[in-house]
Amino acid sequence: MATPFIFLFFFILLCKHHMISSTGTCTLDFTRFPYEAQSQCFDLAEGSFTPLVMQSCCSSALQSLYQAMTIKASQSRSIFLEFAEAQNCTNIFQNLHHRTNLNNCDLQDVISSSTPNLCSNNVDSVIGLLGVDMYNALRSNCKGLSSSNHSDEACFDCVVSYRQSLQALKERNRSGNRCAEALLVSLASSDAQSPNLVRGTFSCLWNEIKSPWPIGPTQNQNKAHILGSKKLLAIVILAAALVIITPILYKITRKQLQYASKKDIEILSVSKKTVEEESRGFFNCSGLYLFSQDEVLKATNHFDDSNLIGEATLGKFYVGIMPSGMPTTIKRLNQGIIKVQNFGEEVIRKAKIRHPNVVTTLGYCDTGEHCLVYEYCVNGNLAGWLLGNGRTLILTWEHRMQISIGIARGLCFIHANALAKMVHGDLKLSNIFLNEKLEAKILDSNLSNCKPNETKGLQTIKNDVFDFGVVLLQVLTGKKSKSVVEEARDAILKGASISGMADPRLNGAYVSSEFRNVLSIAVRCTAPSERERPYMEEIVRKLEETQSLV
C-alpha cells in the first residue's frame with residue numbers, strides 16, 4: 001500500500017525539481033555586449049540613488065540587457081522574456097556586477113512580457129504589424145550604422161525612419177505598449193552576427209526609448225499625501241472662490257477677447273511639425289540637470305583649493321561630490337566672460353557633443369555661479385601623467401597610441417559633426433582626461449562659436465590641428481615646452497635620429513616605426529602654414545593605419 005505514496009512523493013519532488021530548473025535558467029548571453037558600469041555607479045548603497053544617478057546607471061544596464069535580448073531574438077524570434085526568466089536573468093546580471101547596486105532599477109519589469117497589452121513579443125509579429133516594405137525601408141535607412149565609426153548623417157537617417165515606423169506601429173496596434181523597445185530589438189536582431197550593427201543601432205536609437213526612471217520625483221507622488229486629507233476642504237474653497245470671481249473674470253475676459261487680434265490667436269495655436277523637424281530634436285540638449293548654486297557650492301566645499309584639479313582659459317575645474325557620493329567634474333567659469341542671456345544656448349550647443357572620446361556634459365548652474373558639470377574621469381588629466389613629478393605609473397607605448405587615436409577621434413567629431421560643427425579652441429594636456437581604462441576624453445571647448453565653413457572658422461580649425469600636433473609631440477616626448485615643435489621638425493626633415501626625442505620614462509620600450517610615423521604626423525600638424533596642415537579625418541586615418549601595421 002505504501003508503494004503508490006512513495007511513487008507520488010518522488011513524482012512531486014521531480015515536478016518541483018523541474019519547476020526550479022525551468023525557472024532557474026537564463027538564456028541571455030551577457031558576454032557578447034558586456035555591461036561596463038560607469039565609475040559613479042560603483043558601490044552605491046541601497047536607497048542612495050539620486051534621480052540623475054539612477055537614470056544613468058539603470059539605463060546603461062538596461063541597454064546591455066536589451067542587447068543580449070537582441071542576440072536571443074535573432075535565434076528564437078521572441079523579444080521579451082517570461083517574468084520568471086526575466087527575474088532570474090536580472091539576478092544573474094546583478095551577480096556579475098556585484099559592485100554595482102542595480103536592485104533599485106527593477107530591471108526584470110522592463111524586460112519581461114508580463115506588461116499588459118504588450119505591443120508584440122515576437123519579431124515576426126512586429127514585421128507583420130509594420131509591413132514588410134516599411135520594415136525593409138527601416139533596415140535600409142539604418143544600414144549605415146554597421147560601420148564601427150558611423151556618421152551623424154547615418155544616425156539621423158535611421159532616427160527619422162525609426163520614428164516613422166514607430167508611429168505606424170502604434171497606429172496599427174493602438175492598445176500596445178513597449179513598441180519602441182520591440183521595434184529596436186527587431187531591427188538590431190536582423191543582423192545580430194554583426195557586432196558593429198548592434199552597437200551602432202543601440203548607440204543611435206537608445207535615446208528613443210522612454211526611460212522608466214524619470215529625473216526627479218513626480219509631482220503626483222509629492223502631492224498625493226497632501227490632497228488625500230484636504231480634498232474636501234479644497235473643493236469647498238474652490239467653489240466659494242468661483243462664485244465670487246466668476247462674474248469678474250467674465251467681464252475681463254469678454255473685454256480682452258473683443259480686442260484680441262487674429263495674430264494673437266494664431267500665436268496661441270499649436271503648430272504642426274514634420275517628422276524631420278521632430279527628429280532633429282533627438283540631437284538637441286536633453287536630460288541635462290539644472291544644479292542650484294547651493295548644490296554646486298556643497299559639492300566643491302565652496303570651491304576649496306583642495307578640490308581643484310585643473311585650469312583652462314575660461315575657468316577652473318574642481319572635483320564635485322554629489323550627495324549620493326557620485327563624483328563629477330565642475331568647471332567654474334570666470335566672472336564676466338559669459339553673457340548671461342547666451343549661457344543657456346551655449347550649454348545646449350555643448351551638450352550636443354556626445355562621443356566616447358569627449359567628456360559628457362551632465363548639467364549646469366546658471367544662478368549666482370555659472371558652472372558646467374561634466375562626467376568624472378577617475379584618472380585625471382593627461383598633463384598629470386606626462387608632466388607631473390609625482391607619478392609612479394608610466395604610460396606605456398600602447399597606452400600612448402590608444403590615447404593619441406582617442407584624442408584625434410574626439411577632435412575629428414567636434415570638427416565634422418554635421419548637426420553642430422564646432423571648434424575646440426583650447427586643446428592642451430590639461431583639457432584631456434583619462435577614464436578608468438586610460439581612454440582619452442576631451443574636456444571643454446571654448447564657448448565662442450566659430451563656423452568651420454567660414455574663412456575665420458577654417459583658420460580656427462587649423463589652429464586646433466596645430467594644438468593637436470603639440471599635444472601629440474608631448475605624448476611622444478613627455479616635454480613641456482613648445483620648442484619641441486622645432487626639435488621634431490629638425491628630426492624629421494633632416495633625417496636625424498629620433499631616439500633622443502622619445503620620453504625617457506619609456507626606457508626604449510616603443511616601436512620605432514610607429515614612433516617615427518606618429519612624429520611625422522605631429523610635424524605635419526604643426527606646419528607653419530595652415531594650408532600644409534591636414535584635416536582631422538586624415539590624421540585619424542593615418543594614426544589608425546600606423547597602429548594596425550603591428
With the requirement that a residue be at pLDDT 70 or above, crowded, with 23+ Cβ neighbours inside 10 Å and over 22 Å from residue 534 (Cα atoms), what does region 432-454 give you? 433, 443
Can you find even one residue in region 159-177 that is in contact (Cβ under 8 Å) with a residue 60 or more places away in the chain, in contact with a strand residue (DSSP E or B) (Cβ under 8 Å, 6 or more places away or on another chain) and not in a helix (DSSP H, G or I)? yes
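Could you run through region 180-235 and say how many residues are in contact with an Asp or Glu (Cβ under 7 Å, 6 or more places away or on another chain) and at pLDDT below 70? Let's see the steps before the verdict.
To start, the set of residues in region 180-235 that are in contact with an Asp or Glu (Cβ under 7 Å, 6 or more places away or on another chain) comprises 180, 197, 209.
Cutting the leftovers down to at pLDDT below 70 gives us none.
Residues in region 180-235 being in contact with an Asp or Glu (Cβ under 7 Å, 6 or more places away or on another chain) and at pLDDT below 70: 0 in total.
Regarding residue 503, is this residue over 25 Å from residue 313 (Cα atoms), at pLDDT 90 or above and not assigned by TED's automatic domain parsing to the domain that holds residue 351?
yes
Return the residue satisfying two criteria in turn: it lies in region 486-513 and is among the acidic types (Asp, Glu) and more than 37 Å from the chain's Cα centre (by Cα), and of such residues it is farthest from residue 386 (Cα to Cα). Step through it out loud before you land on a result.
Applying the first criterion (among the acidic types (Asp, Glu)) to region 486-513 yields 486-487, 490, 503.
Restricting the remaining residues to those that are more than 37 Å from the chain's Cα centre (by Cα) gives 486-487, 490.
Working: 486: 20, 487: 18, 490: 23 Å.
Among those that are among the acidic types (Asp, Glu) and more than 37 Å from the chain's Cα centre (by Cα), it is 490.
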Kindly provide the set of residues from region 313-335 that are within 24 Å of the chain's Cα centre (by Cα) and assigned to a loop (DSSP other than H, G, I, E, B), ordered by number. 322, 323, 324, 325, 326
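Being surrounded by fewer than 20 Cβ atoms within 10 Å (Cβ to Cβ), under 18 Å from the mean Cα position of the chain (by Cα) and in the same structural domain as residue 202 (by TED's automatic domain parsing) is true for just one of 136, 177, 149, 173. Which residue is that?
On the way: 136 fails: under 18 Å from the mean Cα position of the chain (by Cα); 177 fails: under 18 Å from the mean Cα position of the chain (by Cα); 173 fails: under 18 Å from the mean Cα position of the chain (by Cα).
Answer to the check: 149.
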For residues in region 66-116 being among the β-branched types (Val, Ile, Thr) and either part of a helix (DSSP H, G or I) or outside the structural domain of residue 182 (by TED's automatic domain parsing) (or both), which is surrounded by the fewest Cβ atoms within 10 Å (Cβ to Cβ)? 92
Within region 477-511, count every residue that is surrounded by fewer than 16 Cβ atoms within 10 Å (Cβ to Cβ), aliphatic (A, V, I, L, M) and over 21 Å from residue 533 (Cα atoms). 2
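The values are calculated or read from the model by the stated rules, or taken from the named source; none is laboratory data. On a predicted model such as this, the values are computed, not experimentally measured, just so you know. Counting neighbours? That spans all protein chains shown, and the Cβs are built from the backbone with ideal geometry, glycine included.
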